[in-house]
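Asks: The following block contains the structure, expressed as structure tokens.
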Amino acid sequence: MVAVKGMIKKRVSNSSRFWCAVDVRSARECWNWKMAGDKDGYGLFSERLPSGKYKKMHASRYSYTSHFGQALTTEQFVLHKCDNRSCVNPRHLFLGTPKDNAHDAIRKGRFTVTIRLSPGKIRRARELRAEGHSYRVIAREIGAHIMTVWDALNAKTWKHVGGVSSVQS
């Protein structure tokens, strides 16, 4: 309890705050998070720590840990059987690794595998950049994601492939 100007105010538990923000339905249905979410549609919850500070996390992660009583490492992901990012129903959640998450996304058709790059495409990308083309234009030309092109042209990847030596950033 906390004293506030002569009054005693009871702190609301993390669990109470959390479940007030959930649209709980039958056990088989999704229980959607009703509060704020991130740009990808995952619910966000701020857990109050014993220090009084708050720790922001995905609502599905809080739901899993509070329901199953298991502390999670940063290497563990909470995945959705239902494929509903705002769902926090513990029966719809399961643990996985980043690799499990990628395989789950591919299996459910949410992730498209990009075509493999080749040394020839990397050389072509470097030529185009030396000519002054944007990363976006180069990505479209060689059929790759813009960040893949950026990594290759800024020596984060594909360092072993020769080509235009003075790549412009």
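Asks: What about Met35, is it touching a strand residue (DSSP E or B) at 6+ places or on another chain (Cβ under 9 Å), at pLDDT 95 or above and assigned to a loop (DSSP other than H, G, I, E, B)? Let's see the steps before the verdict.
Replies: Working: touching a strand residue (DSSP E or B) at 6+ places or on another chain (Cβ under 9 Å): yes; at pLDDT 95 or above: yes; assigned to a loop (DSSP other than H, G, I, E, B): yes.
So Met35 fits the description; yes.
Asks: Please identify the pairs in which a residue from the range 59-71 that is over 15 Å from Arg91 (Cβ atoms) has its Cβ atom under 7 Å from the Cβ atom of a residue that is of a type in the set (Val, Ile, Thr) and not in a loop (DSSP other than H, G, I, E, B), counting only partners at least 6 apart or on another chain.
Replies: Cβ pairs passing all conditions: Arg61/Val78; Ala71/Thr65.
This table checks each residue for (1) among the hydroxyl-bearing types (Ser, Thr, Tyr); (2) assigned to a helix (DSSP H, G or I); (3) surrounded by 13 or more Cβ atoms within 10 Å (Cβ to Cβ).
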position	(1), (2), (3)
Trp19	no, yes, yes
Arg25	no, no, no
Lys56	no, no, no
Ser66	yes, yes, yes
Thr73	yes, no, no
Val78	no, no, yes
Cys82	no, no, yes
Phe94	no, no, yes
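Asks: Go through (1) more than 30 Å from Ser15 (Cβ to Cβ); (2) out of contact with any Ser or Thr (no Cβ under 9 Å at 6 or more places or on another chain) and name the single condition Cys82 misses.
Replies: (1)
The values are calculated or read from the model by the stated rules, or taken from the named source; none is laboratory data. Given the structure is predicted, the values throughout are model-derived calculations rather than measurements. Cβ atoms come from the backbone with ideal geometry, glycine included; neighbour counts cover every protein chain shown.
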